[in-house]
Amino acid sequence: MANVRQVQVTFDCASPRAVAGFWKAVLGYVDPPTPPDADDDSWAACQDPGGVGPRLYFQRVPEPKTVKNRVHLDVRVGVGLSGDERVAVLEAEGARLEALGARRLHLLAADDENEACLVMQDVEGNEFCLD
């Protein structure tokens, strides 16, 4: 069996540089060593400067997004927190991301099995969760 050493998450999008710029600001990611040509918006990428998180790759596709994502990112800002303290952290981060162009969809309240989670969309409507 092969050993997987890295994972890259690929986004289909209309404007790769804009979506990559959003995710760089969300995650504190940076451009890869070889960024795309400044005049070419057919692709973009960003990576964790510490090399821990997955590389994100953004490729331009002709068709628009039409349905909910089958896979999404969970941005884990509330790890170890619960109750009102967790919701306050999710709300504060949600407000920061809205200023970057994200859209808030809804807060999933905590239940017997799960803590609260804030469902959002990035600048092109891709769903993600603040967890």
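The values are calculated or read from the model by the stated rules, or taken from the named source; none is laboratory data. Keep in mind that what you see is a predicted model, and the values were worked out from it rather than measured. Neighbour counts run over all protein chains shown; Cβ positions are idealised from the backbone, glycine included. For accessibility, only protein heavy atoms count, side chains too; no ligands or nucleic acids. Shrake-Rupley method; radii C 1.70, N 1.55, O 1.52, S 1.80 Å.
If you go through segment 38-78 and keep only what is within 22 Å of ASP131 (Cβ to Cβ), at pLDDT 95 or above and among the β-branched types (Val, Ile, Thr), you end up with VAL75, VAL77.
If you go through segment 91-124 and pick out every residue that is at pLDDT below 95 and within 20 Å of LYS24 (Cβ to Cβ), you end up with 0. When LEU108, LEU56 are screened for being open to solvent by less than 50 Å² (accessible area, probe 1.4 Å) and out of contact with any Asp or Glu (no Cβ under 8 Å at 6 or more places or on another chain), only LEU56 passes. Go through segment 26-37 residue by residue and tally those that are open to solvent by 40 Å² or more (accessible area, probe 1.4 Å) and either at pLDDT 95 or above or within 20 Å of VAL123 (Cα to Cα) (or both). Final tally of qualifying residues: 4. Take ARG104 and tell me if it is in contact with a helix residue (DSSP H, G or I) (Cβ under 8 Å, 6 or more places away or on another chain), closer than 26 Å to PRO16 by Cα and without any contact (Cβ under 8 Å) to a residue 24 or more places away in the chain. So ARG104 fits the description; yes.
Within segment 1-25, the set of residues being hydrophobic (A, V, I, L, M, F, W, C), within 20 Å of MET120 (Cβ to Cβ) and part of a loop (DSSP other than H, G, I, E, B) comprises just one member, ALA14. Answer with yes or no whether PRO16 is open to solvent by less than 40 Å² (accessible area, probe 1.4 Å) and touching a residue at least 40 places away in the same chain (Cβ under 8 Å). In short, yes. Evaluate segment 79-99: report whether one residue or more is open to solvent by 50 Å² or more (accessible area, probe 1.4 Å), among the acidic types (Asp, Glu) and within 13 Å of the chain's Cα centre (by Cα). The answer is yes; a qualifying residue exists.
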